[in-house]
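Heads up, the thing below is written out as structure tokens.
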Amino acid sequence: MTTTERIDFDSLAVTDPKKGEAIYKSIRQESKSEGDHDKEARLKEQESALVKLAEHHRDQKDANGLAEVITMSRAFMSSTAKVKTAKLIRTLLDYFGSIPDSEGIQMKVLRDNIDWAKREKRIFLKHSLEIRLIGIQLESAQFKPALSLIDTLLTELRRLDDKMILTEVHLLESRVYRGIGNLAKSKAALTSARTAANSIYCPPHLQASLDLQSGILHAEDKDYKTAYSYFYETFENLSSQDDPGALGALKYMLLCKVMLNLPEDVNALLSIKLAIKYAQLREVESMRAVAKAHQNRNLAEFEKALRDYRDELSSDPTIRSHLAALYDTLLEQNLLRIVEPYSVVEIDHVAQQVGQGRQSVEAKLSQMILDKIFHGVLDQGRGCLIVYDNPESDNTYGAAIETLEEVGKVVDSLYAKTVKIA
């Protein structure tokens, strides 16, 4: 096929997708029937037809069509070098990224290709596909099958002693355990990932992923200062590569400033050279709105920010969980500020002042009393909160115990002297 014909076919695929698809399929079939005198050109033509056909399905948002192309490509991949095969299948699988709600089909395609790679004894391709499958299962919150696959994969990788893939799998293991809330095992898996990474050259992107996970785990432990330093390393690393993941690291940095009660530092942070290009993005504006509400100690403003930037603040589970804790803190502070001047106050009045429902305010006040944040009693019969002064500590019992201890020492001393005299 000449270059001119290929250009015509490309334009036809855009103007008449169905006809373009039929032509690309015919190219693939024609390339099979050609003689072996120009095998290299034939394979190149066939690869080009596969990629173009996959791009066509990607543009049409047709996940099933793309899955069919990947299945068809196996015949071609069986006759090519293993390195080229891995590159081609990664390229085809990447096209699923722009097709919404394609996770289910993508997982099915991956499982089919893992089985095929196993039959063909393409071990490294199999491992690569399994890592991708674990990543999708993690995003879909399918933690149990992900852990099962990780255990099997780690057993094989330890035998092969492939440190690079071992690092990636341990990192995924850490993320899965963090997803199910087992922070102890998540930290252990991250330590294993760092140990494996220390014995090899770690690519910048993988190093950034390790730093990001370290920051997330430190943030879970409320160690926001250390978390901020890890997020900054990640942001600096990804920004130098113009990686879109840098924006996520910047949001985590801003989150740490808010959680450290330093919301006034948010604007200063956004004025540094690396962060300026992100400063006007909606994701960053959402964190700026949260910081402003926290600085003003304004619960209504905080709720407005959560409503206005729902997608930006709720899509990330890390930001969502920490903002939920921050919301609780703000609610407690507002409730304390309202009830402190009173000895008895109606719950309806408190609920009206904070702009919350009576039931939620009553539940929160009850929790605060149990946590001994303040001393009081909820009188549900009268619908009132009775607030007590902080009780002064009575040290009588402590002093009595200390006196008895001293008397005991005197008695022991006298007894010892009596024994000597006798």
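The values are calculated or read from the model by the stated rules, or taken from the named source; none is laboratory data. Treat the numbers as computed from the prediction; the structure is a model and nothing was measured. Every residue, glycine as well, gets a Cβ built from its backbone with ideal geometry; the counts of neighbours run over all protein chains shown. Areas reflect the complete protein model, heavy atoms only, side chains present, ligands, DNA and RNA absent. Shrake-Rupley method; radii C 1.70, N 1.55, O 1.52, S 1.80 Å.
Summary of computed values
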read-out: Qualifying position, being open to solvent by less than 50 Å² (accessible area, probe 1.4 Å) and under 30 Å from Ala351 (Cβ atoms), among Tyr309, Tyr252; value: Tyr309
read-out: Test: residue in the stretch 97-111 that is open to solvent by less than 60 Å² (accessible area, probe 1.4 Å), among the hydroxyl-bearing types (Ser, Thr, Tyr) and either at pLDDT below 90 or assigned to a loop (DSSP other than H, G, I, E, B) (or both); value: yes
read-out: Hey, Gln207 surrounded by fewer than 19 Cβ atoms within 10 Å (Cβ to Cβ), without any contact (Cβ under 8 Å) to a residue 40 or more places away in the chain and either touching a helix residue (DSSP H, G or I) at 6+ places or on another chain (Cβ under 7 Å) or not in a helix (DSSP H, G or I) (or both) or not; value: yes
read-out: Checklist (1) over 21 Å from the mean Cα position of the chain (by Cα); (2) open to solvent by 10 Å² or more (accessible area, probe 1.4 Å); (3) under 30 Å from Ala188 (Cα atoms) applied to Glu120, failing item; value: (3)
read-out: Cross-chain or 6+ apart pairs with Cβ under 7 Å, the stretch 338-356 first and on the phi > 0 side of the Ramachandran plot, then modelled with pLDDT under 90 and open to solvent by less than 60 Å² (accessible area, probe 1.4 Å); value: Gly355/Leu299
read-out: Tally of residues being β-branched (Val, Ile, Thr), modelled with pLDDT of 90 or more and open to solvent by 50 Å² or more (accessible area, probe 1.4 Å) across the stretch 136-180; value: 2
read-out: Residues (touching a Gly at 6+ places or on another chain (Cβ under 9 Å) and open to solvent by 100 Å² or more (accessible area, probe 1.4 Å)) located in the stretch 383-419; value: Tyr388
read-out: Residue that is nearest to the chain's Cα centre (by Cα), among those in the stretch 144-201 that are among the acidic types (Asp, Glu) and at negative phi; value: Glu173
